[in-house]
Amino acid sequence: MFLLPKVIVKPKEGKESLTQNAARTANRDQGAAAPSTAASGLDEHGHPIGSHEGDAEQPHMTLPPAQRREINVLVGKFTAETDQTAKLRLAQQLAEKFKAVERFDSAGYYLEQIALVRPGEQTWKRAADQYFEAYSFATTEERQKLLGAKCQELYGKVLKNNPDNLDAKTNLGMAYMSSANPVQGITLIREVLAADPRNEKALYNLGFLAIQSGQFDKAVERFQELIKVNPENVNGQFYLGVSLAKTGAKEEAKKAFLKAKSISPDPALAASVDEELKKLQ
């Protein structure tokens, strides 16, 4: 019923979420980190080489030597550490380092190590959220499926601890979009709206999925609901404009685009709005 977006765009994202070229530009987490040549046989995730990531490193993802050395030192300490408290502290440091360089799956891996020792709703969610960040920017079907499956596993643990965690449930729904059962994902997001009809993230994702599947009338409905909840939701206004334009409602689309532009200082958004307005002329 719905098509998987090339890039799953989330409500609070910046430049990538506001351009029609997102699928080409939002590839910052594509590819694996380069394997370490350490005699330990571990990659920089602390995994056996080749066991965690299947994609080759992309040139633009190469870390500066100083950062790579710093991370490699921490990985070595993490691998050798036998004291649990110290090991967890190193895992947290590694998660922060990898997040800072936008290696979100690597950050998720180390946060998962913490959750395995200290399981609970919040520790599982922290790990799941980082894997979801990586999933959101995956640009190949193989990587979407790999990371989507990991998100399903970890958000499942979150919901086992708290079935009412609506943020986790929404992200789980999006993770199912790369699975053999995407309808399950739509069902989960609709369940979120049933519990919280004003949930901005759920409204946004259903609207964006409707755009991806060419159901522009449905997308208009979702984004109209979203801006009723929050008129200052920039992405809601922008994609309402996109949806309206696709239905032929040019004047309404212009209003939505201009509203989005008026409430955000982001020059990337302004450029995107100008581009969309030209298409309406």
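What to note about this one:
- Single residue of the range 115-138 satisfying the filter (among the charged types (D, E, K, R) and within 15 Å of L88 (Cα to Cα)) that is surrounded by the fewest Cβ atoms within 10 Å (Cβ to Cβ): R118
- Count of the range 116-151 residues, restricted to those that are part of a helix (DSSP H, G or I) and over 21 Å from R103 (Cβ atoms), is 3.
- In summary, E112 fulfils each of the numbered conditions (1) touching a residue at least 60 places away in the same chain (Cβ under 8 Å); (2) acidic (D, E); (3) open to solvent by less than 40 Å² (accessible area, probe 1.4 Å) with the single exception of condition (1).
- The set of residues from the range 214-226 being out of contact with any Lys or Arg (no Cβ under 8 Å at 6 or more places or on another chain), open to solvent by 10 Å² or more (accessible area, probe 1.4 Å) and assigned to a helix (DSSP H, G or I) comprises D217, K218, V220, E221, R222, Q224, E225.
- Of all residues in the range 77-107, exactly one satisfies the criterion of being of a type in the set (V, I, T) and modelled with pLDDT under 95, namely V101.
- The range 68-86 - residue that is under 15 Å from Q113 (Cα atoms) and among the polar types (S, T, N, Q) and, of those, surrounded by the most Cβ atoms within 10 Å (Cβ to Cβ): T79
- The single condition among (1) open to solvent by 20 Å² or more (accessible area, probe 1.4 Å); (2) part of a helix (DSSP H, G or I) that D164 does not meet is (2).
Residue by residue, here is whether (1) of a type in the set (F, W, Y); (2) within 16 Å of the chain's Cα centre (by Cα); (3) modelled with pLDDT under 95; (4) not assigned by the TED database to the domain that holds T140 holds:
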| site | (1), (2), (3), (4) |
| --- | --- |
| K157 | no, no, no, no |
| N161 | no, no, no, no |
| N165 | no, no, no, no |
| Y176 | yes, yes, no, no |
| K218 | no, no, no, yes |
| K228 | no, no, no, yes |
| Q237 | no, no, no, yes |
| A249 | no, no, no, yes |
| E252 | no, no, no, yes |
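- All of I263, I211 fail the test of being surrounded by fewer than 19 Cβ atoms within 10 Å (Cβ to Cβ) and touching a residue at least 24 places away in the same chain (Cβ under 8 Å), apart from I263.
- Criterion applied to G207, G236 was being in contact with a Leu (Cβ under 6 Å, 6 or more places away or on another chain), of a type outside the set (D, E) and part of a helix (DSSP H, G or I), and the one residue passing it is G236.
- Residue in the range 179-187 that is modelled with pLDDT under 95, open to solvent by less than 50 Å² (accessible area, probe 1.4 Å) and not assigned by the TED database to the domain that holds E275 present: yes
- Against the conditions (1) of a type in the set (D, E, K, R); (2) within 27 Å of T140 (Cα to Cα); (3) surrounded by fewer than 18 Cβ atoms within 10 Å (Cβ to Cβ), K255 satisfies every one except (2).
The values are calculated or read from the model by the stated rules, or taken from the named source; none is laboratory data. The structure presented is a predicted model; accordingly, all values stated were derived computationally and were not measured. Note that we place each Cβ from the backbone using ideal geometry, even for glycine, and neighbour counts take in every protein chain shown. Just the protein is used for accessible areas: all its heavy atoms, side chains included, with ligands, DNA and RNA removed. Shrake-Rupley method; radii C 1.70, N 1.55, O 1.52, S 1.80 Å.
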